[in-house]
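The values are calculated or read from the model by the stated rules, or taken from the named source; none is laboratory data. Because the structure is a prediction, the values reported are computed rather than measured. No Cβ is skipped: glycine too gets one built from the backbone with ideal geometry, and neighbour counts run over all protein chains shown. SASA here: full protein model, heavy atoms, side chains in, ligands and nucleic acids out. Shrake-Rupley method; radii C 1.70, N 1.55, O 1.52, S 1.80 Å.
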Amino acid sequence: MLLELSGINKSFKNGGQYENILEDLDLKIFEGESIAIKGKSGCGKSTLLNILGGLLPLDSGQMMFNGTDISKLTENEQAEYRRKNVAFVTQNFHLLDDRNVYDNIALPLLYLRIPKKQIKSRVEKVLHDLEIEHAMKRNISTLSGGERQRVAIARAIVKEPSILLADEPTGSLDEKTEESILSIFDTLHQKGMTLVIVTHDDSVSSHCQHIYELHHKKLHFVSC
Ligand SMILES: Nc1ncnc2c1ncn2[C@@H]1O[C@H](COP(=O)(O)OP(=O)(O)OP(=O)(O)O)[C@@H](O)[C@H]1O
Ligand SMILES: [Mg+2]
């Protein structure tokens, strides 16, 4: 098992009151699985994804990654967990707008202190795989929404993470761009990457092996 959440609780303080967002939630993710998470706006999907990515602490419960209890790690060790194993495609991409496509994709590899020559070949490969080579030297601010989305995915997968967490990865795309993103996810899945995709879109979830709905603070199995 790659990731296992057991009895997770998470609340946020709003207006002086704590509100439970996730309550006694369990989830098992096996290596190489693809999972879709659906649910109403505000039900806690991004919160859950941030927990899986080690970005948010738990109130209580346990999160095991490859047999290690993530919540027991120090902050530095948790950062290391994120850098090495987890890739995020967030709702608003978080790209560096004033840098070019190449630099954005190379960044996670610089953090991992990978030699420059190897960085170049790995960035060039994802640029090719995601069909954005033509835009390599362009600033992010000049790209279309679909191109930005592909750069965000390229930056996420370039470090070859164990798990890719994607939050509404096809959010505001047209049908054709959405199809090209979905076929990228299919290829990543076939190569053995574990995918967790938050989506409202049935055509996205139908590409996943398992579908869960987040409802009443817990995950409910919808189909497989
Ligand atoms: N840092 C925070 N501080 C306080 N409240 C928060 C925080 N982050 C999220 N929330 C609240 O927790 C709830 C769940 O938020 P979350 O972003 O996980 O929802 P979501 O299911 O991803 O929604 P959407 O589909 O609109 O993206 C919401 O009510 C939100 O306002
Ligand atoms: Mg969200």
Query raised in the report: Is it the case that residue 66 is within 23 Å of residue 159 (Cα to Cα) and out of contact with any helix residue (DSSP H, G or I) (no Cβ under 9 Å at 6 or more places or on another chain)?
Result: no
Query - Pairs where the first residue, in region 160-186, is within 17 Å of residue 208 (Cβ to Cβ) and the second is charged (D, E, K, R) and within 16 Å of ligand 2 (Cβ to nearest atom), C-beta under 8 Å, 6+ apart - result: 167/45; 170/201; 178/201
Query - residue 192 part of a loop (DSSP other than H, G, I, E, B), open to solvent by 20 Å² or more (accessible area, probe 1.4 Å) and within 27 Å of residue 10 (Cβ to Cβ) - result: no
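For residue 213, indicate whether it is out of contact with any Phe, Trp or Tyr (no Cβ under 6 Å at 6 or more places or on another chain), open to solvent by 40 Å² or more (accessible area, probe 1.4 Å) and either under 19 Å from residue 36 (Cα atoms) or not in a strand (DSSP E or B) (or both).
Numbers: out of contact with any Phe, Trp or Tyr (no Cβ under 6 Å at 6 or more places or on another chain): yes; open to solvent by 40 Å² or more (accessible area, probe 1.4 Å): yes; either under 19 Å from residue 36 (Cα atoms) or not in a strand (DSSP E or B) (or both): yes.
Yes: the conditions hold for residue 213.
Would you call residue 72 farther than 22 Å from residue 189 by Cβ and more than 13 Å from ligand 1 (Cβ to nearest atom)? It would help to see each step written out before you state the result.
Numbers: farther than 22 Å from residue 189 by Cβ: yes; more than 13 Å from ligand 1 (Cβ to nearest atom): yes.
So residue 72 passes the test.
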Query raised in the report: Looking at 35, 29, 8, which one is at pLDDT 95 or above, under 21 Å from residue 211 (Cα atoms) and in contact with a Gly (Cβ under 7 Å, 6 or more places away or on another chain)?
Result: 8
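Mind telling me which of the residues 11, 41, 46 ends up being more than 16 Å from ligand 2 (Cβ to nearest atom) and polar (S, T, N, Q)? I'd like the intermediate steps shown before the answer.
Values: 41 fails: more than 16 Å from ligand 2 (Cβ to nearest atom); 46 fails: more than 16 Å from ligand 2 (Cβ to nearest atom).
On inspection, the qualifying residue turns out to be 11.
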Report task. Scan region 146-161 for residues that are more than 24 Å from residue 65 (Cβ to Cβ) and among the charged types (D, E, K, R) and jot them down. Result -> 147, 148, 150
Query raised in the report: Taking helices (runs of 4 or more DSSP H) that fall entirely within region 75-144, which contain at least 2 residues that are open to solvent by 60 Å² or more (accessible area, probe 1.4 Å) and at pLDDT 95 or above?
Result: 116-129
Query raised in the report: Out of region 160-176, which residues are open to solvent by 10 Å² or more (accessible area, probe 1.4 Å) and either farther than 22 Å from residue 3 by Cα or modelled with pLDDT under 90 (or both)?
Result: 160, 171, 172, 173, 174, 175, 176
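If I filter region 40-58 down to residues being near ligand 1 (Cβ under 6 Å from one of its atoms) and not in a helix (DSSP H, G or I), which single residue comes out as most open to solvent (accessible area, probe 1.4 Å)? First the steps, then the outcome.
Step one: list which residues in region 40-58 are near ligand 1 (Cβ under 6 Å from one of its atoms), which gives 41-47.
Filter again for not in a helix (DSSP H, G or I), leaving 41-44.
On the way: 41: 109, 42: 72, 43: 30, 44: 8 Å².
Checked region 40-58; the qualifying residue most open to solvent (accessible area, probe 1.4 Å) is 41.
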